[in-house]
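Read through the structure below, which is laid out as structure tokens, and then see the notes.
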Amino acid sequence: MERFYNLKPFSIIIPVYNEQDVIVQNTEALMAHLVRRHKTFEIIIGSNGSVDKTVALGKGLAERYPPVRFFHLPQRGVGYAFREAARMARYDFIVSLDMDLSIDLDFIEHAVGLLDGGYGIVVGSKKMGQQKRSAVRKLGSGLFILSARFLLGLAFEDYSIAAKGYRKSVLLRYLDRVDHGTSYVIDIICLAHRNGTRIIEIPVRCEDLRASKFNIVHEGVYRFANLFKLWLGLTHINSKTLNNRRTR
Ligand SMILES: Nc1nc2c(ncn2[C@@H]2O[C@H](COP(=O)(O)OP(=O)(O)OP(=O)(O)O)[C@@H](O)[C@H]2O)c(=O)[nH]1
Ligand SMILES: [Mg+2]
């Protein structure tokens, strides 16, 4: 028998780009998972840039299923879709997923439970769990994780957009830093961590063998450039704090 979880209401947010092949079947699968387990939730699907039937299908889903909300932005970029979805969220507990539902859905219950227990961010980690992804993608994220540890002293092991839980009240503090791309994840984790937000990392299972919607080369260059920007910004803040202390 399915377990019913007595959790507080939560918002799931999913950015989508040209997802006509999976948007309907995966939203319905997600709905089936959630309605059996939860009383109150919403699923916010946010598109930008899609040139296939994603927008028409997303609107149809929102008309058919009351918990589903859909929007489409003219401006391209997954970060903008995330920002809009986070602002729209009706509830304080937010869980981000990808439309390919490549992570184990039990993450949702774990994340919401931990947010309710006082954590500000829950990081779902594929490296701590299990992952079936191509060697190139594992290598790329492995290098990024090591660089973040080395440059920023961050010990987390997953900065991808899916399988993260956030309190909306924490997110709102950092939304102005969100740009077009995926770097908002590391920016938010890094800054919230420095500001004393309680963050916990938990393992997730991930099976993702389909081609990425991102251009892997562009994504790599953009992510590493942003990592250096973040590091430079923090080094600047650290040296200013040190100088202020010296002059006091
Ligand atoms: N709104 C929006 N969503 C996007 C955009 N690009 C990708 N997405 C969505 O972001 C989610 C992740 O895309 P995927 O192709 O599954 O990403 P991935 O390469 O498997 O991600 P990793 O887990 O980091 O390996 C999916 O739901 C995509 O539809 C974009 O430009 N705008
Ligand atoms: Mg994927």
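The values are calculated or read from the model by the stated rules, or taken from the named source; none is laboratory data. Everything numeric here is computed off the predicted structure, so don't read it as measured data. Cβ atoms come from the backbone with ideal geometry, glycine included; neighbour counts cover every protein chain shown. For accessibility, only protein heavy atoms count, side chains too; no ligands or nucleic acids. Shrake-Rupley method; radii C 1.70, N 1.55, O 1.52, S 1.80 Å.
Under the membrane-span-like helix rule (DSSP H runs whose alpha carbons stretch at least 18 Å along the helix axis, mean Kyte-Doolittle hydropathy 1.6 or higher), the chain yields none. Ligands, DNA and RNA are left out, and with a 1.4 angstrom probe the accessible area of the chain is 50 Å² per residue. Normalised by the number of residues in the chain, the average gap of Cα pairs under 8 Å and 6 or more apart makes the relative contact order 22 percent. Modelled this way, with points 7 Å down the Cα-to-C-beta line, the labels at residue 21 and residue 91 are 3.1 nm from one another. When all protein chains stay in place and ligands, DNA and RNA are ignored, the 1.4 Å accessible-area order of 235, 182, largest first, is 235, 182. Quick one: pull the percent of accessible area on the chain belonging to carbon and sulfur, 1.4 Å probe, ligands and nucleic acids left out. That share works out to 55 percent.
To the nearest 10, the accessible area of residue 208 is 20 Å² with a 1.4 Å probe. Computed over the chain, the per-residue total of -39500 (n - 2.57) for DSSP H runs of n ≥ 4 gives a 222 nm mean residue ellipticity of -15000 deg cm²/dmol, rounded to 500.
Full extension of the segment from residue 225 to residue 4, taken as 0.36 nm per residue of separation minus the current Cα-Cα distance, would add 75.1 nm.
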